[in-house]
Amino acid sequence: VFGSSREALADTAAALDPATIEAAVAVLAGARRIECVGVGTAGLVAAEAALKLRKLGLDAVAFADTHQQAMSASLLDGRDALLAISHSGRTTDTLRAAQVARAAGARVIVVSGQGRSPLANAADILLAIRSSDTGFQVEPMASTVAALAIVQTLFLVLLERPGSLADEQLTRTQ
């Protein structure tokens, strides 16, 4: 567990393009509303993302119920963003929410372990996880750790943006 997580963190960090992180941060910082979606363990990462974004004063939510995810995604528009998290990039409910949000005009940011997947194809911005998890594992632990690291990176870059009120918001929400 520790070795594969360490490897996934190193490989993901090496593969992430700083310009792509900045693009995702710009979308999140400018969004009126942010929906964070995922299923299973990815749903827990989505909930963590929503919590971190709320701490910075951003209007972010994560629904555990997949029907609510799709319904809420349908109410988004060009002022909004959807952050979709899925190791496989093939989780039907997550893909549906991303497609619905995109059709509504929202920007879609995807955190996924599979670059060539239906979910990656629905992305405006793809933050790819690099891990050796296989589809046969009960829970893809290493990719979950890497997805959490991406969420934390987005949080810290948002926090450090020049002219941002995030530091003040973080102080107020702690």
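Every read-out reported here was derived from the displayed coordinates using simple, explicitly stated rules and does not represent laboratory data. The structure displayed is predicted, hence computed values, not measured ones. With ideal geometry, Cβ positions are generated from the backbone for all residues, glycine too; neighbour counts draw on all protein chains shown.
Return only the number of the condition from (1) part of a strand (DSSP E or B); (2) of a type in the set (G, A, S); (3) over 19 Å from T20 (Cβ atoms) that S88 does not satisfy.
All conditions pass for S88, except number (1).
Evaluate the following for D93: is it free of Cβ contacts under 8 Å to residues at least 24 places away in the same chain and more than 25 Å from T171 (Cα to Cα)?
Working: free of Cβ contacts under 8 Å to residues at least 24 places away in the same chain: no; more than 25 Å from T171 (Cα to Cα): yes.
No; evaluated as a whole, the condition is false for this residue.
Residues that are within 14 Å of the chain's Cα centre (by Cα), free of Cβ contacts under 8 Å to residues at least 40 places away in the same chain and surrounded by fewer than 20 Cβ atoms within 10 Å (Cβ to Cβ): does segment 24-37 have at least one?
Yes, segment 24-37 contains at least one residue that is within 14 Å of the chain's Cα centre (by Cα), free of Cβ contacts under 8 Å to residues at least 40 places away in the same chain and surrounded by fewer than 20 Cβ atoms within 10 Å (Cβ to Cβ).
Scan segment 48-61 and tell me whether some residue there is buried (at least 17 other Cβ atoms within 10 Å of the Cβ), among the β-branched types (V, I, T) and not in a helix (DSSP H, G or I).
The answer is yes; a qualifying residue exists.
Name every residue in segment 1-23 that is out of contact with any strand residue (DSSP E or B) (no Cβ under 7 Å at 6 or more places or on another chain) and either assigned to a loop (DSSP other than H, G, I, E, B) or free of Cβ contacts under 8 Å to residues at least 12 places away in the same chain (or both), in order of residue number.
Passing the criteria: V1, F2, G3, R6, A10, D17, P18, A19.
Regarding segment 71-86, can at least one residue be identified that is without any contact (Cβ under 8 Å) to a residue 12 or more places away in the chain, closer than 25 Å to A15 by Cβ and either in contact with a helix residue (DSSP H, G or I) (Cβ under 7 Å, 6 or more places away or on another chain) or among the β-branched types (V, I, T) (or both)?
Residues of segment 71-86 without any contact (Cβ under 8 Å) to a residue 12 or more places away in the chain: 71.
Cutting the leftovers down to closer than 25 Å to A15 by Cβ gives us none.
For segment 71-86, residues without any contact (Cβ under 8 Å) to a residue 12 or more places away in the chain, closer than 25 Å to A15 by Cβ and either in contact with a helix residue (DSSP H, G or I) (Cβ under 7 Å, 6 or more places away or on another chain) or among the β-branched types (V, I, T) (or both): absent.
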